[in-house]
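This report concerns only the one structure given below.
The values are calculated or read from the model by the stated rules, or taken from the named source; none is laboratory data. In this text, all values refer to a predicted model and were calculated from it rather than measured experimentally. Here the Cβ positions follow ideal geometry from the backbone for every residue, glycine too, while neighbour counts run over all protein chains shown.
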Amino acid sequence: MNIKIINSIKKQKRVFFLFLICFFILFAFIFQLFNIQVNKYHYYTKKLNAYMINEIVEENSRGNIYDRNGELLVGNEATTCFVYYYTKNYSEEDKKLTAKNMANSIAFSLPKLTYRDKKDCLLLWDKNYALSFITKEDLLSIKDSENYDLDYYNLQLSVLTEEIIDTYFQEEQLLKEVYLFFLIQQTSSNSKKVIIQNLSIAQASYLSEKMDQFRGCFIETTYKRVYMKEGAEGILGSISTSVPAEKALYYSALDQQLNRTIGSSGLEEEYDEVLKGTDSRFIIEYDAFGNPTKKYTYIGKNGNDLYLTIDWNLQGYLTNRVEEELRKLILSRSNANAMYITLMDPNNGDIIAMVGKKYNTTTGEIYDYAEGNYLASQTFGSSIKAAVVYTGYLYDAIYQGETINDTRWYFKDGSYKGSYKDLGRVNDIDALAYSSNIYMYTIATRIANGYYSNSNFYLDTDVGFRLLRKSLGEFGLGVKTLIDIPNEETGYKGSADLHGFLLDEATGQYDTYTTIQMSQYASTIANKGKRLKPKLANYTKEINTDKIKYFETEILDDLSQNTIAFDRIHLGLRKVVTNGTATILNYSKYQIAAKTGTAETSSGANISLIAFAPYENPQVSYTCSIVASGNSSACQTLALEAIELYLDSYGE
């Protein structure tokens, strides 16, 4: 076959295949175009609308907060508001007329307006008013400015003196009209402005009948957070109407607006997700005249209610009593400046009461500071000794029934350390009952691989501090208790490693602790070894249902296998009450076990007490601290009252 013919055939085949490829590409393009324009028309139309239409978020009311008996502590007060939504085809003159009608139709109080606020309102109301006060020289000075509009606006502001503003707004009615117009005019597309708040029922009814005179306006209900009880506001917390900067990324990731109500402290913050509920969403649609209507795309629900473990009647009683006792100390010329009490159920970690009062030495005011139980720390003295005795058993530094001679330890520099008096030979039980320092020094020295003999003293402070602090931490001392509230403090750990400081550590004179840490420690002693997470929240209840979710008891450490240590500690703490340093508590109708503490400071002695009752079946632990009070029996007096009040109501 002729070569030319062969090449021609090959060329025709290539053209054919090229045509075929183009055909299939064109077919695929036509098919995809048909699919988009016909089959998926509604899908893409809906998606386009979603991009073009901005949804508006509407918050629902937060859940209520109740105490353990259902007493309302924090609720919501419905507030009726007059609200304006952005309206199309709405001239400035019509808006001014609407503002005038509003001002004449309803009595309301203006918010506190600064002179700058009034200037801004006036310049929007009458754009040429300031021109009569501006000279030609003023205008020439900004003629060539790169930011002419901004400079011109600032020039207008500068010429409107306070005297001019006061003269213009002599009549408050005019200021109301101008202010309402300012709000309306400043409302941007797909948004709203609250025009008048706190409408009465009569006012809302009147406005409802006149709604045809107020284009774009609606009557809506918002909710104001109301705190029903005094005391412990720091624990209950507060709310904010905007998301703080450090949480902005989190809320943005959840596609939630940043100008929303959020719990900003205390339980309001800790349980914000429970209390806030879910938002409703709606879009604004406009009729042929440009009037807005709301169309909901999602109906949210109110927040869940939160029930606490606190008994607010007992909380209130102790709040008053703590203030009374603190005031007595102040009047007696004591340096006392704060007092804290925490009651806890040692079987589940429920906080029954958390009370605090603080004294402002400048103003003389005594104010609520219940949050000081987990924010403020101080030295607690001998009340930590039960944990030190446990440490002795843990590291085999002592044995059951061992006696140690309680006499002063003298050192080569002439200084000495000892108990408040020489107690003679004491065992672990007596060491707790009579608050032996020497017994605790011996434990600390032994776990630090040290010794004391005739002024010869040696120990390894690194080992001693590490082991002692580790053991104390298992009771909650010096570590976070994980209480369900933000910003818990852990106290101060001393950094110096002198031998004497380890001895001070073993008697509660060195590291500082919070009252909630001491309460967790007291409860661990009471239940013989289980460190429980303290909790202020008992359960949540879903709105308009009976669906309840309880917050379970959490065990953080379990030391209960050391039964001998806890049995001996219980005997020692009971003897504190029957024969030792807290005999006032022996007057109770319930058997109480306790440990007193005194920590010397430059301002005066910190007084403390831990206790639990009933001794044979502990159902409540009690912790009290008074900062710089000197000598005081107030902690013991209030222990009698608090324990009896609780057990009379809840005891088995």
Discussion item. Just to be sure I understand the filter: pairs with C-beta atoms under 7 Å, separated by 6 or more residues or on different chains, first member in segment 544-561 and in the same structural domain as L394 (by TED's automatic domain parsing), second member loosely packed, with under 13 Cβ neighbours inside 10 Å. Which pairs pass?
Written reply: none
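Which of the residues spanning segment 572-587 are surrounded by 16 or more Cβ atoms within 10 Å (Cβ to Cβ) and part of a helix (DSSP H, G or I)? Please lay out each step first, then the result.
Residues of segment 572-587 that are surrounded by 16 or more Cβ atoms within 10 Å (Cβ to Cβ), as a first pass: 572-577, 580-582, 584-586.
Scanning segment 572-587 gives G572, L573, R574, K575, V576, V577, I584, L585, N586.
Could you please let me know if L207 is outside the structural domain of P486 (by TED's automatic domain parsing) and surrounded by 13 or more Cβ atoms within 10 Å (Cβ to Cβ)?
Details: outside the structural domain of P486 (by TED's automatic domain parsing): yes; surrounded by 13 or more Cβ atoms within 10 Å (Cβ to Cβ): yes.
Here the answer is yes, as L207 does meet what is asked.
With respect to V57, is the statement that it is out of contact with any helix residue (DSSP H, G or I) (no Cβ under 6 Å at 6 or more places or on another chain), among the β-branched types (V, I, T) and modelled with pLDDT under 85 true? Spell out the reasoning first.
On the way: out of contact with any helix residue (DSSP H, G or I) (no Cβ under 6 Å at 6 or more places or on another chain): yes; among the β-branched types (V, I, T): yes; modelled with pLDDT under 85: yes.
Criteria met by V57.
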Discussion item. For segment 80-97, which positions are touching a helix residue (DSSP H, G or I) at 6+ places or on another chain (Cβ under 7 Å) and under 27 Å from E58 (Cα atoms)?
Written reply: T80, F82, Y84, K95
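For every residue, the table says whether it meets (1) outside any loop (DSSP other than H, G, I, E, B); (2) exposed (fewer than 10 other Cβ atoms within 10 Å of the Cβ).
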residue	(1), (2)
L113	no, no
R116	yes, no
D120	yes, no
L131	yes, no
D138	yes, no
D144	no, yes
Y153	yes, no
Q156	yes, no
Q170	no, yes
Worksheet, complete the sentence: Considering segment 263-309, residues that are touching a residue at least 40 places away in the same chain (Cβ under 8 Å) and touching a Pro at 6+ places or on another chain (Cβ under 8 Å), and then whichever is surrounded by the fewest Cβ atoms within 10 Å (Cβ to Cβ), we arrive at Y286
Practice prompt. Would you point out which residue out of Y615, Y590 is among the hydroxyl-bearing types (S, T, Y), surrounded by 15 or more Cβ atoms within 10 Å (Cβ to Cβ) and touching a Lys or Arg at 6+ places or on another chain (Cβ under 8 Å)?
Written response: Y615
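Collect the residues in segment 538-575 that are of a type in the set (A, V, I, L, M) and within 25 Å of D396 (Cβ to Cβ), keeping them in residue-number order.
Here is the first cut: in segment 538-575, the residues of a type in the set (A, V, I, L, M) are 543, 548, 555-556, 559, 564-565, 569, 571, 573.
Answer for segment 538-575, where residues must be of a type in the set (A, V, I, L, M) and within 25 Å of D396 (Cβ to Cβ): L556, L559, I564, A565, I569, L571, L573.
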Worksheet entry | Candidate set: segment 517-556, residues that are part of a strand (DSSP E or B) and among the aromatic types (F, W, Y); chosen: the one farthest from T342 (Cα to Cα) | Y550
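Looking only at segment 593-605, count how many residues are part of a strand (DSSP E or B) and out of contact with any Phe, Trp or Tyr (no Cβ under 7 Å at 6 or more places or on another chain).
Within segment 593-605, the subset part of a strand (DSSP E or B) is 593-599.
Those left that are additionally out of contact with any Phe, Trp or Tyr (no Cβ under 7 Å at 6 or more places or on another chain): 594-596, 598.
Within segment 593-605, residues that are part of a strand (DSSP E or B) and out of contact with any Phe, Trp or Tyr (no Cβ under 7 Å at 6 or more places or on another chain) number 4.
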Item to complete: Could you identify the single residue in A99, A107, A78, A103 that is on the phi < 0 side of the Ramachandran plot and in a loop (DSSP other than H, G, I, E, B)?
Response: A107
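Which one is modelled with the highest pLDDT, of the residues in segment 620-633 that are outside any strand (DSSP E or B) and in contact with a strand residue (DSSP E or B) (Cβ under 7 Å, 6 or more places away or on another chain)?
Step one: of segment 620-633, the residues outside any strand (DSSP E or B) are 628-633.
Keeping just the survivors that are in contact with a strand residue (DSSP E or B) (Cβ under 7 Å, 6 or more places away or on another chain) gives 628-629, 632.
Working: A628: 90, S629: 84, S632: 81.
This residue is A628.
Taking the criterion of being buried (at least 23 other Cβ atoms within 10 Å of the Cβ) and in a loop (DSSP other than H, G, I, E, B), would at least one residue in segment 485-501 satisfy it? Spell out how you get there, then give the answer.
Just the residues of segment 485-501 that are buried (at least 23 other Cβ atoms within 10 Å of the Cβ), to begin with: 485.
Checking the rest, the ones that are also in a loop (DSSP other than H, G, I, E, B) come to 485.
Within segment 485-501, one or more residues are buried (at least 23 other Cβ atoms within 10 Å of the Cβ) and in a loop (DSSP other than H, G, I, E, B).
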Practice prompt. Answer yes or no: is there a residue in segment 631-645 that is in contact with a Gly (Cβ under 8 Å, 6 or more places away or on another chain) and of a type outside the set (S, T, N, Q).
Written response: no
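Is it true that A526 is touching an Asp or Glu at 6+ places or on another chain (Cβ under 6 Å), among the small types (G, A, S) and assigned by TED's automatic domain parsing to the domain that holds Y646?
Details: touching an Asp or Glu at 6+ places or on another chain (Cβ under 6 Å): no; among the small types (G, A, S): yes; assigned by TED's automatic domain parsing to the domain that holds Y646: yes.
In short, no.
Please note which strands (runs of 3 or more DSSP E) are completely contained in segment 222-337 and include at least 2 residues that are in contact with a Phe, Trp or Tyr (Cβ under 7 Å, 6 or more places away or on another chain) and within 20 Å of Y539 (Cα to Cα). Don't jump to the end; show me each part of the working.
Details: elements: 238-240, 262-265, 280-286, 292-298, 305-308.
Of the strands (runs of 3 or more DSSP E) lying wholly inside segment 222-337, those with at least 2 residues that are in contact with a Phe, Trp or Tyr (Cβ under 7 Å, 6 or more places away or on another chain) and within 20 Å of Y539 (Cα to Cα) span 305-308.
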Worksheet entry | Looking only at segment 56-80, and only at residues there that are surrounded by fewer than 17 Cβ atoms within 10 Å (Cβ to Cβ) and of a type in the set (A, V, I, L, M, F, W, C), the one that is farthest from F108 (Cα to Cα) | L72
Discussion item. Within segment 337-370, take every residue that is more than 24 Å from Q619 (Cα to Cα) and touching a Gly at 6+ places or on another chain (Cβ under 7 Å) and give me the one that is surrounded by the most Cβ atoms within 10 Å (Cβ to Cβ).
Written reply: A338
Worksheet item: Taking segment 63-109, which residues are among the acidic types (D, E) and under 30 Å from L236 (Cβ atoms)?
Response: D67, E71, E77
